[in-house]
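Every number here is computed from the coordinates shown, using simple stated rules; none is lab data. Keep in mind the model is a prediction, meaning the values are calculated, not measured. Neighbour counts are summed over all protein chains in view; Cβ atoms, including those assigned to glycine, are modelled from backbone coordinates with ideal geometry.
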Amino acid sequence: MIDVIWYRNCRGNWDHGLLMSIFERHPDKFDQYNESEIVNADMAIIIVAGNPDYAHLRDYLSDFKSGIVIFTSDEEARWDIPAIVPPHLEVWSQYYKPGMNVKERLLMGYPSRLKDYKINLTQDKKYLWSFVGQVQNPFRQQCVDTLKKMPDGFLRTTDLFGGVCEKAIEYQEYLDICAQSKYVICPSGSFTAESFRLYEAMECGAIPIVDARSPVNSKDFNYWNEVYLKHKLITVNYWDEKALSAILNIPNDNNWWNQYKKELEEKLIAVANG
C-alpha cells in the first residue's frame, strides 16, 4: 500500500482519467488523498497539476524521504524540475518536451469524464473518418482545409475546448461518432502533439491518425517516438489530401494502446509493492 496525494486537491483534472482508473481499480494498493497533508513521509506518489508555486512545492516535497512526483495538466510543460523537485525523488511527467530529465514519460490518456459515459463498440462504421474539435493552430487549420475536400467523413468544428459552445455536440453523441468511425483524425494541440481525441478514439475502437509533432517542435521531431517507442500510431507531417486518402486504407489496430495501459498499471503496482 502506498499513499497517493493529489497535491492541492487537484484530483479529477481533465488529464487524470487514466491515472484515476488505475488507482481506483486497486484500493488495496493505493490510498488516495485529495489534499496536501503528508500522511506518510517515508514514501508516496505525489501528483501535481498545472504550473504550481515552485517554492511552496519544493518545501512540501522536501519532507518526503522517497517517492515519485508525477507532473500533469500543463501541455506547455513549463515545469523547471530541478528547481521544484529535490534530487532524491523520482520524476514522471505527462507532456514531454525535448530536454526534460524524467524517469517516466507518460502519455496523457483519456479524459476523466470518460468513465461517466457509455461506449458502444458494436455500432456500424458509417464514417470512413471523423473530426470534431477546435481549429486553434496552423496544423489544425491545414487539417480541416484538407478534410473539407474529402468524402465519406463527418466534420464539425467548434469554438471552444470540451464542446462547450454554440456548435457543440453532446459528449455522448461525440463518443458515438468516434465509435461509428473507422478512423478519427487527431491533429496536434497548440503545444503538444497529444489530444484527448486520440485516446477517446482508441477507447471507441477507431484508428487515430495524428500529427508527428506540434507547431512548437522542430520539423524533425517525432513526439511519439520520444514518449513511447512501441506505439503503432499512424503519423503525418503534413495534412495532404492525396497522402491522407492513401493512409485511410492502411489497416491498423490499437493493441499497442492496451499494452501501454497494462505496462503503466504494472509499473505503478510495482511501486506500491515496494
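Of note:
- Under 5 Å from the amide H of TYR183 lie the amide H atoms of TRP129, SER130, ILE207, each residue being 5 or more positions distant or on a separate chain, with H modelled from the backbone and absent for Pro and chain starts.
- Reachable aspartates and glutamates from LYS126, criterion Cα separation under 17 angstrom, eight or more residues apart if same chain: ASP152, GLU173, ASP176
- Take the convex hull of the alpha carbons in region 1-53; its mean projected area over all directions comes to 3.7 nm².
- From its DSSP helices (H runs of at least four residues, each -39,500 (n - 2.57)), the chain gives a residue-normalised ellipticity at 222 nm of -8000 deg cm²/dmol.
- For region 124-204, the Kirkwood hydrodynamic radius comes to 12.7 Å, computed from all pairs of different C-alpha atoms.
- Taking a ≥ b ≥ c as the square roots of the eigenvalues of the alpha carbon gyration tensor, region 203-259 is oblate, as a/c is not under 1.5 and a/b does not beat b/c.
- Loop-resident sites, region 181-274, for GluC sites (Glu not before Pro), counting at most 10 other Cβ within 10 Å (DSSP): none
- Cα gyration tensor shape of region 163-213, rounded if a/c is under 1.5, else prolate or oblate by comparing a/b with b/c: oblate
- Pairs of Cα atoms nearer than 8 Å and 6+ residues apart set the relative contact order; for the chain it is 15 percent.
- Region 16-106: trypsin sites (Lys or Arg not before Pro) in DSSP coil with no more than 15 other Cβ atoms inside 10 Å: LYS65, ARG78, LYS103
- Here is the size of the chain from its Cα atoms: Rg then Dmax, 19.3, 59 Å.
- Shape of region 155-262 from the C-alpha gyration tensor: rounded (a/c under 1.5, with a ≥ b ≥ c the square roots of its eigenvalues).
- Our estimate of slack between LYS126 and TYR171, defined as 0.36 nm per intervening residue step minus the Cα-Cα distance, is 14.3 nm.
- Note on ALA55 and LYS267: the extension gain reaches 73.4 nm, defined as 0.36 nm multiplied by sequence separation minus the Cα-Cα distance.
- For region 2-106, alpha-carbon Rg and Dmax in angstrom: 12.7, 36
- For region 210-267 versus region 169-195, the gap between their alpha-carbon centres in whole angstrom: 14
- Exceeding the 19 Å Cα-Cα cut-off - candidates LYS230/LYS267; LYS232/LYS262; LYS29/LYS103; LYS182/LYS219; LYS149/LYS242; LYS29/LYS118: LYS29/LYS103; LYS182/LYS219; LYS29/LYS118
- Full extension of the chain between GLU226 and ASP63 yields a length gain of 55.5 nm, computed as 0.36 nm times the residue separation minus the alpha carbon distance.
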